[in-house]
1. With all pairs of different alpha carbon atoms counted, what Kirkwood hydrodynamic radius in Å does the chain show?
2. Among 95, 122, 67, pick out the residue whose Cα is farthest towards the positive end of the charge dipole of the range 41-133, where Lys and Arg carry +1 and Asp and Glu carry -1 on C-beta, about the Cα centre.
3. Using only Cα atoms, find the angle between the long axis of helix 46-58 and the longest principal axis of the chain, and express it within 0 to 90 degrees, rounded to the nearest 10.
4. Can you tell me the order of 85-94, 116-125 when each peptide is scored by its average per-residue count of other Cβ atoms within 10 angstrom, highest first?
5. Residues of the range 102-138 with amide nitrogen under 20 Å from the 7 Å Cα-to-Cβ point of residue 30?
6. Evaluate E = 1/(1 + (r/R0)^6) for residue 21 and residue 46, where r is the Cβ-Cβ distance and R0 equals 25 Å; express this FRET efficiency to the nearest 0.05.
7. Only Cα pairs under 8 Å and at least 6 apart count here; give the relative contact order of the range 23-138 as a rounded whole percent.
Amino acid sequence: MVPRIAQQLAHPASTALLGSEVAKQLDTLIKTLPNLRALFIGDYYTKAGEDMRVMLRGRGYTDEDIGSHAGMLDTSELLYVNPKLVRKERLARNGGAPDSGVSGDPTKASAELGAELLKIKIDNALNQIRTLRAGGNK
């Protein structure tokens, strides 16, 4: 038997409510199994997202710079994790065209920033896991 299983669902907007409900139902189903819990770690996106924006605003970036999809945040994270997947020559504010799907300015992204942003996400997730394992409600 596998003692621990972790699953990270894809996107905050589409999974926050669903993920929380699924975790509650799974946790109820597996209560009889030793050392196994189902937890929804929403702080990986929600609290971390807020913390990242606060940090970036403190450095002078605007919400328009930061964006919400495929902009400065996402591009910085990808540049840190796997820079070969970023076509730097194609980066443009808001994707360079209407309805591009890009929100924000990916030209302001960097691998160094991506490392900081991912650390914020990981720290938030670990803090929430520790709280939940200790019996907290967060």
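Since every read-out is calculated from the coordinates, none of them should be taken as a lab result. Everything numeric here is computed off the predicted structure, so don't read it as measured data. Ideal geometry is used to build each Cβ from the backbone, glycine not excepted, and the neighbour counts take in all protein chains shown.
1. 16.6 Å
2. Value computed over the given set: 122.
3. Once rounded, one gets 30 degrees.
4. Working: 85-94: 12.9, 116-125: 17.1.
For the peptides 85-94, 116-125, the packing ranking is 116-125, 85-94.
5. 125-138
6. 0.95
7. 28 percent.
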